[in-house]
Amino acid sequence: MIRTTIQSEILTSYGGLVSVALVLMLGCLALVLVLYIHRALAMARKKKVDDLQFRYQYLLYDALVESQSENASDNFLETVLQLFQQEKKRSGSLNQQVLTDIILNLKKSLTGAAQDQLLELAYALGLPEYAQKKLRQQSFNIRTQGLHEVTAMQINSTEIRNEIEVLQQVDTSPINQEVILALTKLESAPNLGFLNKLTTPLSEWLQIRLHHHLRSLERHQLPDFSQWLDSTNESVVLFALRMTAEFKQYAASQKVLNQLNGSLVPILIETIKTVTKLKLEEAIPSLTNLIQHENTDVQLASLEAVGELGNSQQLAKLSSLHEHPNYWVRRATATAVTQLESNTPVS
């Protein structure tokens with residue numbers, strides 16, 4: 001009796017384990033099937049987009065060839081619009097995202113009239129409205145994409161600027177940085193007035209993006225960066241120093257030299273780099289004092305600057321550093337001495 005009961009319990013337990021294993025197996029199979037279907041659909045969507053990109057690019061190329069033929073009756077814009085209208089009738093609709101990507105990518109490699117024609121095409125196809133709609137989405141990625149497209153298509157109406165400004169949040173939010181960049185790019189002469197009221201650090205990411213945009217402009221369009229050297233925001237001062245050096249704004253020389261009297265180490269180091277890039281020999285007296293600074297990084301930057309800007313007249317100022325306890329200071333001193341010995345004083 002007891003033996004029969006034990007066997008019955010074993011069979012019941014075994015049956016339970018088999019049931020659990022079967023459920024797990026079916027679950028795994030279902031998961032594999034779902035993943036396969038998801039991957040197949042993703043590949044199908046990608047192929048459809050790739051096919052559309054190829055077709056739309058072909059239509060653009062075909063319009064370019066047709067509009068440049070001897071017997072052409074229409075210009076490029078009219079020709080390409082006719083072709084895309086035919087494509088819309090054939091397929092029922094045009095994929096606006098694919099069109100946007102193609103036109104904006106092509107725009108990067110063109111200039112002048114050719115670039116203007118592409119922007120006219122974008123407007124004629126209603127792509128600015130498509131980009132503007134993205135600004136109203138909740139997704140950060142979609143909003144950011146919309147901002148990039150709006151600026152690339154140079155949509156600079158009062159309406160669109162107001163809509164972009166509505167997106168501004170706290171200084172440090174990612175979307176706020178995108179907004180600042182978009183508003184700056186939409187100006188023919190960049191307005192960096194936001195630097196006057198920035199209370200949080202100016203991110204390295206935004207500095208790099210602003211720098212990249214500013215480099216694409218004519219020098220006369222750039223602001224006087226020295227106006228921000230008196231900012232109470234350390235990151236703004238650092239950015240102003242970097243841009244002053246990058247764009248060789250020599251009119252700001254005296255304001256830059258004044259920064260050598262400051263106490264903040266990051267600003268001191270950036271100022272030393274700036275006077276070196278601007279080759280401001282008037283900075284040498286201050287630099288020879290800073291080689292005795294308590295901060296090693298300031299000493300190293302000062303020694304490098306003295307070596308670049310000075311001459312043999314400064315050799316005596318470096319003599320005490322040959323026995324400095326810090327190896328890197330001794331090494332920088334030796335390098336500076338070699339440079340100074342090879343530089344001839346200006347008579």
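Residues of region 92-107 with the amide nitrogen closer than 18 Å to a label point 7 Å from the Cα of ASP51, along Cα-to-Cβ, please. Only 92-99 pass the distance filter.
What are the semi-axes of the equivalent ellipsoid for region 279-347, taken as the square roots of 5 times the Cα gyration tensor eigenvalues, largest first, in whole Å? Don't skip to the end; give the middle numbers.
Numbers: eigenvalues 69, 33, 17 Å².
Values for region 279-347, descending: 19, 13, 9 Å.
Using a simple spin-label model with pseudo-atoms 7 Å out from Cα toward Cβ, SER157 and ALA21 lie 6.8 nm apart.
Listed peptides 89-96, 331-338 appear in the order 331-338, 89-96 once ranked by packing, highest mean of other Cβ atoms within 10 Å at the front.
Taking a 22 Å limit on the Cα-Cα distance, which of the listed pairs LYS108/LYS185; LYS88/LYS108; LYS185/LYS279; LYS47/LYS108; LYS108/LYS273 fall beyond it?
LYS88/LYS108; LYS185/LYS279; LYS47/LYS108; LYS108/LYS273
Per-residue counts of other Cβ atoms within 10 Å, averaged by peptide: what ranking do you get for 288-295, 259-266, 237-244, highest first?
On the way: 288-295: 15.8, 259-266: 14.2, 237-244: 24.2.
The packing order, highest mean first, is 237-244, 288-295, 259-266.
What does the net charge come to around LEU147 if you take all other residues with beta carbon closer than 13 Å to its beta carbon, with K and R at +1 and D and E at -1? Intermediate results must be reported in sequence, preceding the final value.
Working: positive: LYS133, LYS134, ARG136, ARG143, ARG161, LYS185, ARG209; negative: GLU149, GLU163, GLU165, GLU178.
Neighbour charge sum, excluding LEU147 itself: +3.
Whole-Hz Karplus values for region 254-266 come out as 5, 5, 5, 4, 4, 5, 5, 8, x, 10, 6, 4, x Hz, taken residue by residue from phi with 6.51 cos²θ - 1.76 cosθ + 1.60 and θ = phi - 60°; glycine and proline positions read x.
Based on other C-beta atoms within 10 Å, arrange THR232, THR200, THR79 from fewest to most. Spell out each step's value before the answer.
Values: THR232 7, THR200 12, THR79 22.
Listed from fewest to most nearby Cβ atoms, that is THR232, THR200, THR79.
Using the Kirkwood radius over Cα pairs, work out the Stokes-Einstein diffusion coefficient for the chain at 37 °C and 0.692 mPa s, in µm²/s as a whole number. Answer from the Stokes-Einstein relation: 124 µm²/s. Tell me the relative contact order for the chain as a rounded percent, counting alpha carbon contacts under 8 Å between residues six or more apart. Relative contact order comes out at 7 percent.
Normalised by 2.2 N^0.38 Å, where N is the number of residues, the alpha-carbon radius of gyration of region 154-310 equals 1.16. Using the average count of surrounding beta-carbon atoms within 10 Å as a protection proxy, the listed peptides 188-196, 108-116, 221-229 rank, highest first, as 221-229, 188-196, 108-116.
Readers should treat all values here as calculations from the given coordinates under stated rules, not as data from a laboratory. Keep in mind the model is a prediction, meaning the values are calculated, not measured. FYI the Cβ positions are ideal-geometry reconstructions off the backbone, even for glycines, and counts take in every protein chain you see.
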